[in-house]
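Colleague: If you scroll down you'll find the structure; I have some questions about it.
The values are calculated or read from the model by the stated rules, or taken from the named source; none is laboratory data. Remember, it's a predicted structure, so these values are computed and weren't measured experimentally. Counting neighbours? That spans all protein chains shown, and the Cβs are built from the backbone with ideal geometry, glycine included.
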Amino acid sequence: MEAFFLNCQYPVLVLSNMIIKSLLLLFCLLSSSVFAETVYKTVDDDGNIIFSDKPSEGAEAIVIKEAQSIEIPEGKPLIPKVDKEVTIDNEYTKLVINSPAYDSTIHNNAGEVNISIEVNPALANDDKMVVLLDGKQVDKGSGSSFLLSNIDRGTHTLAVAVLNNNEAELIRSDDVIFHLRRASKLFNKEAPVEKKTAPPQSDIPVP
């Protein structure tokens, strides 16, 4: 029984090795040259399959499609994507009120107050300057000077701030206290003019 298995295993091993060799040969023929378009398949007397690139009698022609080539496009430089909604705030280092001076007194019957501001660096295009009087916003713009009018007489607190396009405050000046004096209407009334009448003439004839 053992001899039978030995005798049977040997030709099986030989056949397996021949198949593996034939497959390896076919793989080499296919990979060695992309210009070979036809491979010829034959079977020898022992039943072994043989592949060759040369035709022979009784060989079966196998057409192999030409290997496809893939063109890789040239790489483009990576450009970081910037969100348009994201803005970089300007870093202001100085914001002061030059006029009116601190604790100054302004005499103006129309209640007008000229404000002069110094900002460094210069105000960016998207940023705005706001004027705060007694904690309330009273004016807004992109300039460095403002004119307030019809301000009530008395003591006031003035400040300015820079806002970005999202209305976020970037920098604020120190408070400036000033005093506004306006003439009271009670003291502007003109005194009534006293009308003087001529004394009555006498009926006695003058000699």
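Colleague: Using the structure shown, decide if residue 103 is closer than 22 Å to residue 168 by Cβ and in the same structural domain as residue 165 (by TED's automatic domain parsing).
Modeller: On the way: closer than 22 Å to residue 168 by Cβ: no; in the same structural domain as residue 165 (by TED's automatic domain parsing): yes.
No, not satisfied.
Colleague: Here's something else I'd like to know. Please determine, by comparing only the residues of segment 165-188 that are in a loop (DSSP other than H, G, I, E, B) and touching a strand residue (DSSP E or B) at 6+ places or on another chain (Cβ under 6 Å), which one is nearest to residue 128 (Cα to Cα).
Modeller: 173
Colleague: Kindly indicate which of 76, 54 is outside the structural domain of residue 176 (by TED's automatic domain parsing), loosely packed, with under 12 Cβ neighbours inside 10 Å and modelled with pLDDT of 80 or more.
Modeller: Values: 76 fails: modelled with pLDDT of 80 or more.
Among 76, 54, only 54 is outside the structural domain of residue 176 (by TED's automatic domain parsing), loosely packed, with under 12 Cβ neighbours inside 10 Å and modelled with pLDDT of 80 or more.
Colleague: Anything in segment 85-144 that is part of a loop (DSSP other than H, G, I, E, B) and either in contact with a helix residue (DSSP H, G or I) (Cβ under 9 Å, 6 or more places away or on another chain) or among the acidic types (Asp, Glu) (or both)? List them, or say none.
Modeller: 85, 89, 91, 103, 112, 126, 127, 134
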